[in-house]
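Notes for the one structure printed next.
The values are calculated or read from the model by the stated rules, or taken from the named source; none is laboratory data. All of these numbers come straight from a predicted model, not from anything done at the bench. All Cβ positions, even for glycine, are placed from backbone atoms using ideal geometry, and neighbour counts span all protein chains on display. Heads up: the accessible areas ignore ligands, DNA and RNA and are worked out on the full protein's heavy atoms, side chains in. Shrake-Rupley method; radii C 1.70, N 1.55, O 1.52, S 1.80 Å.
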Amino acid sequence: MQRLRIQRFTTAGVALATTALFVAACSSSGSGGSSSSGSGLSGTLNGSGSTLQLVYQQQAIQSFKPVQPSITVNYGGGGSGKGRTDLASNVVQFAGSDSPISSTDLPLFKGKTVLYYPILISPITVSYNLPGIKSLKLDAPVIADIFQAKITKWNDPKIAAQNPGVKLPSTTITIAHRSDSSGTTQNFSEFLVEGAPGVWKLGSDSTINWPANSQGGNGNSGVAQIVKTTAGAVGYVDYADAKASGLTWASIKNQAGNYVEPSVQSATEAASNAQVKPDLTFSAIWASGAQSYPITAQSWVLVYQKQSSSNTTKMLQAYIGYLVGDGQKLLPQLGYAPLPSSIDQQAKAQISKVGT
């Protein structure tokens, strides 16, 4: 797992250095946006949660350093569920989450107001390990039956019907899924609820009761590793981790009836068609649009509105300002889509609410 993380840093290293110089220049010229305000801030911010946004957090922390050299930002993965729990327990100052707080977990926050800051859009791939097969088309009902272990062989007639001319092997399908409480699981299962009504029977949640013969991996990178090393495996993996791991993924049939590959562009179209609520929560899953990728997730940073000190308030405002500001330039090279401008502007406008 560590090897994969190092590999991801290597891929984006040159671009990261360039971006860091650019951000530093913006900061010194006073044009760096919200993240450059409050010069002279000092202290530590701790965050945890979503592994979908982990690659972005790692790169953003490095590029934020020239902007605020005396602020140390730490971010650990562990899954969206862990991030929300850590925030509720005051273990961290911010949480990464790919899904809103559920009504079940809301009491953990003891009536405190939590602010949602969308920071990125990400396709969730359906990645597979079938040597020699580089192109595969799947729709939601077939994906649902695969992940419910109702389709158990790759040459099943339902898969073959969507892939004429592709010589599918009789290899047994191995299901790879998240073993931790995960926003990626929440969004993937929401896609199956929306796209395969009546077919998908396992519901939508951050944890799912998967078939007994499936394999669980910790974090997106854990699922990616299972898929990469297991012939016949299939798993849902965020686009950034799938790219970093060299996985092959399917084109997925969207609401408009078109098979669309996961990409920054197809995720952007999906997010542009999402309905945003006043608290900035929304879902880009199963969005309308001819070229919308149907399994497009979104990820937020969650913070308490009221903070314990003015210094923590200013540090959070500076870092969140960077994530929704200059940090957005990092996203495409990492395999994420930046926020649509309409959503990004709303996120920036909400930064002043922290600490009030």
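Rundown of residues vs (1) more than 16 Å from the chain's Cα centre (by Cα); (2) modelled with pLDDT of 95 or more; (3) of a type in the set (A, V, I, L, M), yes/no style:
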| position | (1), (2), (3) |
| --- | --- |
| Ala250 | yes, yes, yes |
| Ser263 | no, yes, no |
| Ala271 | no, yes, yes |
| Lys277 | yes, yes, no |
| Phe282 | no, yes, no |
| Ser299 | no, yes, no |
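Any residue in region 210-223 that is over 20 Å from Gln53 (Cα atoms) sitting within a Cβ distance under 9 Å of a residue that is open to solvent by 30 Å² or more (accessible area, probe 1.4 Å) and in a strand (DSSP E or B)? List the pairs, counting only those 6 or more apart or interchain.
From region 210-223, the pairs are Trp210/Gly216.
Of everything in region 102-152, what is of a type in the set (Ser, Thr, Tyr), part of a strand (DSSP E or B) and under 30 Å from Asn90 (Cβ atoms)? Give them in sequence order.
Within region 102-152, Tyr116, Tyr117, Ser122 meet the criteria.
Which one of the conditions (1) surrounded by 18 or more Cβ atoms within 10 Å (Cβ to Cβ); (2) under 20 Å from the mean Cα position of the chain (by Cα) does Ser102 fail to meet, given that it meets all the rest?
All conditions are met except number (1).
When region 197-213 is examined, which residues are found to be farther than 13 Å from Ser181 by Cβ and either under 18 Å from the mean Cα position of the chain (by Cα) or crowded, with 19+ Cβ neighbours inside 10 Å (or both)?
Scanning region 197-213 gives Trp200, Ser204, Trp210.
Are any residues in region 182-196 open to solvent by 10 Å² or more (accessible area, probe 1.4 Å) and under 21 Å from Gln215 (Cα atoms), and if so, which ones?
To start, the set of residues in region 182-196 that are open to solvent by 10 Å² or more (accessible area, probe 1.4 Å) comprises 186, 190, 193-195.
Scanning region 182-196 gives Gln186, Glu190.
Would you point out the residue of region 33-69, among those that are open to solvent by 10 Å² or more (accessible area, probe 1.4 Å) and modelled with pLDDT under 50, that is farthest from Asn311 (Cα to Cα)?
Among those residues, the one meeting the criterion is Gly33.
Residues of region 219-250 being assigned to a strand (DSSP E or B) and open to solvent by less than 20 Å² (accessible area, probe 1.4 Å), which ones?
Answer for region 219-250, where residues must be assigned to a strand (DSSP E or B) and open to solvent by less than 20 Å² (accessible area, probe 1.4 Å): Ala233, Val234, Gly235, Tyr236, Val237, Asp238.
Would you check if there is a residue in region 157-165 being over 21 Å from Asn258 (Cβ atoms) and either assigned to a loop (DSSP other than H, G, I, E, B) or at pLDDT 95 or above (or both)?
Scanning region 157-165 turns up at least one residue that is over 21 Å from Asn258 (Cβ atoms) and either assigned to a loop (DSSP other than H, G, I, E, B) or at pLDDT 95 or above (or both).
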